[in-house]
Amino acid sequence: MLSSKVGSLRSALVAFRTKLNNAGHGTIDSFLATHANEPGYAEIGKLAVSEVLLPLEFKADFTRTSKVIREGKTDHDWLSNLFEHMLIGSNFPETFVKGNDVIFVTFNYDRTLEHFLAVRLENTYGIPPEAAVSFVHKMRIIHVYGSLGPYEISLRSRKPGAFDARLVAKAASTIRLMYEDRAEASAVGDAREALSSAKTVFFLGFGFDPDNIKRLELNKRCQGKVIGATRYRVAEGDWGRTLQRMLPATVNYAGHRDWDCLAFLKETTLLPA
C-alpha cells in the first residue's frame, strides 16, 4: 500500500506536486530518477502518468477530415504519411507486416501507435478488428519504459470517463522507470539491439535527453549508420550541444528547425520511393 510508505497520502501528494513543479527537470522520468530514494515517489509518478494519459490515449484524429485539413492543408499527419510509404507493394496485411522491416522504438507510455496501425490495417484491407490487432502484435514496437498495458481490441470500445482507480492502478503497474530495470533484461536492451541491427535510424520528435542518449547508448549504437532527425523549434545552440552528445555517431540528415515530423518525412529523401 502506498500509504504505508508515505504516511499521510495527502501530504505526500502535495510535496510531490510542489517539487515536480519547481524542479529543473525536463521530463517526469528524470525527476523520478533523481528522487528514486524518496518513499512513494515512483508509485505516485506512475499513477499520475496513467491517470493523465488514459483518457487522452485514443483521441487522436487520423481521418481525412482531421484538423490538418481544417487548417487549409491537404497533408495528413506524419503517421499517415509513413503508413502510405509502408503500403507500397503490400496488397495484403501479411505482406505489409513481412515486407516492412521497421522497428518502432518509443518512449511514450500510451498505445496510440498500436491503435493507429490497427485502425489503418482494418480499414485498408477490410479485415476484422481482431485480425488487425493480431497483425499489429506481429510488428516490433518497443516501449522503452513500458506502456499502459498491452493493446487489446476491448480498449477500442472503452467509454469516455471509464477510468476507475482499478484501471489506473493496472496501467501504472506496467510502467517502468529508467532506473528500475537492468538494461540487458528489459525493453532498454531490446531497443539497444534494434539500434545496432538497423541500417537507417529516424529520430522523429525525439528530444535527445542526455539521460536517454546514455541509457540507450545512442552515440555508440548509431555510429556508422544513416541517421535522420527532426529538430523542430530547436535553437542552433541547443542543437549543436545535441550533436556533441551524439558523437562519434553523426546525424546525416537534420531537419530544418521549422519542419515538424510530417515536413521532415516529405522534405527529405530518406524514405524509399
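Annotations for the structure displayed:
- Under the condition of being of a type in the set (Val, Ile, Thr), over 21 Å from Lys98 (Cα atoms) and surrounded by 17 or more Cβ atoms within 10 Å (Cβ to Cβ), the residues counted in the range 129-160 number 1.
- Among residues of the range 89-120, those that are open to solvent by less than 40 Å² (accessible area, probe 1.4 Å) and more than 20 Å from Pro272 (Cβ to Cβ), counted: 10
- Tabulated pairs, the range 38-66, first farther than 30 Å from Leu121 by Cβ, second among the hydroxyl-bearing types (Ser, Thr, Tyr) and at pLDDT 90 or above, C-beta under 6 angstrom, 6+ apart or interchain: none
- Total residues in the range 91-106, condition touching a helix residue (DSSP H, G or I) at 6+ places or on another chain (Cβ under 6 Å) and part of a helix (DSSP H, G or I): 2
- Residue in the range 209-218 that is in a helix (DSSP H, G or I) and modelled with pLDDT of 95 or more present: yes
- Taken together, the residues in the range 77-114 that are within 18 Å of Ala132 (Cβ to Cβ) and either polar (S, T, N, Q) or free of Cβ contacts under 8 Å to residues at least 60 places away in the same chain (or both) amount to 23.
- Residues of the range 253-273 classified as open to solvent by 80 Å² or more (accessible area, probe 1.4 Å) and touching a strand residue (DSSP E or B) at 6+ places or on another chain (Cβ under 7 Å), total: 1
- Filtered by the rule that a residue be more than 17 Å from Ala36 (Cβ to Cβ) and modelled with pLDDT of 90 or more, the range 166-186 gives Val168, Ala169, Lys170, Ala171, Ser173, Thr174.
- Members of the range 222-250 found to be open to solvent by less than 80 Å² (accessible area, probe 1.4 Å) and either small (Gly, Ala, Ser) or in contact (Cβ under 8 Å) with a residue 40 or more places away in the chain (or both), listed by number: Val226, Gly228, Ala229, Ala235, Gly237, Gly240, Ala249
- Any hit, the range 182-196, residues being more than 21 Å from Tyr145 (Cβ to Cβ) and in contact (Cβ under 8 Å) with a residue 40 or more places away in the chain: no
- Residue count for the range 236-273, restricted to those that are over 28 Å from Ser80 (Cα atoms) and small (Gly, Ala, Ser): 3
The values are calculated or read from the model by the stated rules, or taken from the named source; none is laboratory data. Note that this is a predicted model, so its numbers are computed, not measured. In this analysis, Cβ positions are derived from the backbone assuming ideal geometry, glycine residues included, and neighbour counts consider all displayed protein chains. Note: accessible area is taken over every heavy atom of the protein model, side chains too, but ligands, DNA and RNA are not part of it. Shrake-Rupley method; radii C 1.70, N 1.55, O 1.52, S 1.80 Å.
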